[in-house]
Structures are given as C-alpha cells and as structure tokens.
Amino acid sequence: MDAAIIKSTCMTPKRILIRSVLLAGVMVIAPVLVWGQKGAIVEVAKFSASPVGTGLPDGWKPLTFKKVPKLTSYELVKDGEAVVVKAVSNASASGLVKEVRIDPKDFPIVQWRWKVENLLKSSDVNRKDGDDYPARLYITFEYDPEKVSFAKKLKFKVGRAIFGEIPIGALNYIWESKAPVGMIVDNAYTDFAKMVVVESGPQKVGMWVDESRNMYDDYRKAFEEEPPMINGVAIMSDTDNTKERVTAYYGDIVFVQRPTSGITR
C-alpha cells in the first residue's frame with residue numbers, strides 16, 4: 001500500500017482530535033445566527049455572555065485523550081470588561097469542542113480573538129515531539145464524496161476503517177513560536193489536518209489579538225479542493241509533548257457571511 005495512504009495510521013489518540021470533535025456529543029448544537037452591520041453572523045462561541053466560573057460555555061464539551069492523563073484546565077474569567085475562556089496547560093492536553101453545521105461558502109470568514117501569556121520553547125510545527133501550541137483553533141469538515149478525489153477517498157476509507165468516523169479534513173489555526181506567519185503545512189502526524197500559522201513569535205505576547213481568516217480560501221489552498229460542510233470547532237492549549245507550561249485566553253468566535261466585495265486576510 002502506498003505510504004501516503006497509510007500515513008495517518010501513526011496517529012496517537014491526541015492526534016485524532018478531529019475524530020473526537022465529531023464524537024463529543026450526540027446532538028449538534030445549532031449556532032446562533034444574528035445580523036450585524038456587514039450581514040449575517042453565526043455565533044459559534046459567545047463566551048462573553050457566559051457567567052464567570054468553572055462551568056463550561058453553553059454548547060461546548062470537554063475534549064480529552066485516553067493516553068494523556070493530565071488535562072489542561074479551562075474556566076470562564078473576567079479579563080477587562082469581557083468574559084473569556086482561560087486555559088492553563090502544564091505538561092497537559094485537553095480542549096473544548098462544539099459541534100456545528102455551517103456552509104463555508106455562505107460563511108467563509110472566521111473571526112476570533114485570543115491572547116497568550118508565553119510561548120513554548122520546544123514547540124515545532126514540523127516535529128511530532130513539538131506538536132504543542134499555546135493556543136489553537138480547530139475547524140473540522142465532514143466527508144462529502146462528491147467533492148473528494150479518488151486518491152483521497154481511498155485514504156479516507158483506510159483511516160475510517162482504523163479510527164472509525166473521522167472528518168475528511170481539519171484546519172488548525174495556531175500561535176507558533178518560530179514558524180513564519182501565513183505558513184500552511186501538514187500536521188506532523190497526518191495530512192488530513194493542516195496547520196495554519198496565524199501568529200508567531202513574542203511580539204504580541206500578553207496582548208489581545210483580533211483574528212480574521214478567509215477559511216474557505218485557506219481550505220482550498222491547503223487541500224486543493226472545495227471545502228465540504230463545517231461540522232466542528234474546537235479550542236485547545238496543549239503542552240504534553242514539550243512538558244512546558246502555558247496560559248492562554250480565548251474570546252468569542254464567529255463565522256461571517258461572504259462580503260459583497262473584498263476579503264479579509
């Protein structure tokens with residue numbers, strides 16, 4: 001069998017996060033559709049409307065891994081005037097996930113805000129032992145056979161036979177330590193997941209950063225095909241490989257309707 005087809009068989013439970021997003025709950029929690037000045041907005045995470053405390057945000061579930069016993073802690077805290085999710089990872093890994101169903105053609109722009117207090121010294125997007133990040137946002141996509149090449153269908157079937165139900169792809173927006181901003185690369189464990197470097201280096205550490213990505217274009221660039229429906233969103237801060245400690249904060253997450261002209265970065 002071609003090596004590229006069986007590449008994903010090397011994944012550990014942590015690396016098949018994209019499967020866990022699908023299995024996190026029985027029912028998909030419909031995100032809230034609201035209208036803003038620039039059109040319709042799908043509110044996937046309205047952390048700012050949540051009460052402060054250790055309870056989970058509405059519609060979000062814990063994401064854990066069988067072979068990673070130490071969990072990242074998540075709590076809703078007040079930072080300035082807004083309620084946000086605070087993540088503290090100390091040689092640990094876990095996340096928060098929410099199942100959704102969003103058409104990326106209709107809502108191609110994902111916007112969120114985040115802040116990290118420090119970077120990871122040993123993080124490396126190209127290495128399995130460096131596959132940790134102070135902050136990351138996952139977007140997962142469902143399998144649509146009408147939009148997938150024959151070779152990818154075959155590889156997907158092999159992966160599903162081994163791991164069960166998995167999405168056909170995932171975009172991982174990450175805050176990296178050294179890799180250049182804008183870089184898109186295969187995950188160190190599987191090419192079903194692509195890593196997109198949104199922030200890198202210490203310049204913005206300790207600052208809230210507003211992000212806006214054309215996720216539709218990112219998917220087409222990363223996978224060289226049309227994106228299927230979005231079926232999951234997750235946030236995670238993890239340090240189980242590097243054995244370091246990091247603190248990060250996550251603000252609200254929305255998907256924005258396609259603009260009539262112009263595209264954000």
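Annotations
- Residue match in the stretch 189-210 (condition: of a type outside the set (Lys, Arg), within 16 Å of Ile235 (Cα to Cα), touching a helix residue (DSSP H, G or I) at 6+ places or on another chain (Cβ under 8 Å) and modelled with pLDDT of 95 or more): yes
- Matching residues, the stretch 217-239, being assigned to a strand (DSSP E or B) and under 16 Å from Ile174 (Cα atoms): Val233, Ala234, Ile235, Met236, Ser237, Asp238
- Of the criteria (1) polar (S, T, N, Q); (2) at pLDDT 95 or above; (3) assigned to a loop (DSSP other than H, G, I, E, B), which one Ser261 fails: (2)
- Residue list for the stretch 54-88, restricted to those being polar (S, T, N, Q) and closer than 18 Å to Trp175 by Cβ: Thr72
- Only listed residue being within 17 Å of Ala91 (Cα to Cα), surrounded by 23 or more Cβ atoms within 10 Å (Cβ to Cβ) and modelled with pLDDT of 60 or more, chosen from Leu120, Leu137, Leu171: Leu120
- Of the residues examined, Leu63 is not one that is under 25 Å from Asp186 (Cα atoms), of a type in the set (A, V, I, L, M, F, W, C) and modelled with pLDDT under 55.
- Any hit, the stretch 187-197, residues being surrounded by 15 or more Cβ atoms within 10 Å (Cβ to Cβ) and of a type in the set (Ser, Thr, Tyr): yes
- In the stretch 94-147, the residue that is farthest from Trp175 (Cα to Cα) out of those that are among the acidic types (Asp, Glu) and touching a Gly at 6+ places or on another chain (Cβ under 9 Å) is Glu142.
- Subset of the stretch 104-116 (residues that are in contact with a helix residue (DSSP H, G or I) (Cβ under 7 Å, 6 or more places away or on another chain), crowded, with 21+ Cβ neighbours inside 10 Å and more than 22 Å from Val84 (Cβ to Cβ)): Pro104, Pro108
- Any chance Ile102 is under 14 Å from Gly232 (Cβ atoms) and modelled with pLDDT of 60 or more: yes
The values are calculated or read from the model by the stated rules, or taken from the named source; none is laboratory data. None of these values were measured; they are calculated from a predicted model. With ideal geometry, Cβ positions are generated from the backbone for all residues, glycine too; neighbour counts draw on all protein chains shown.
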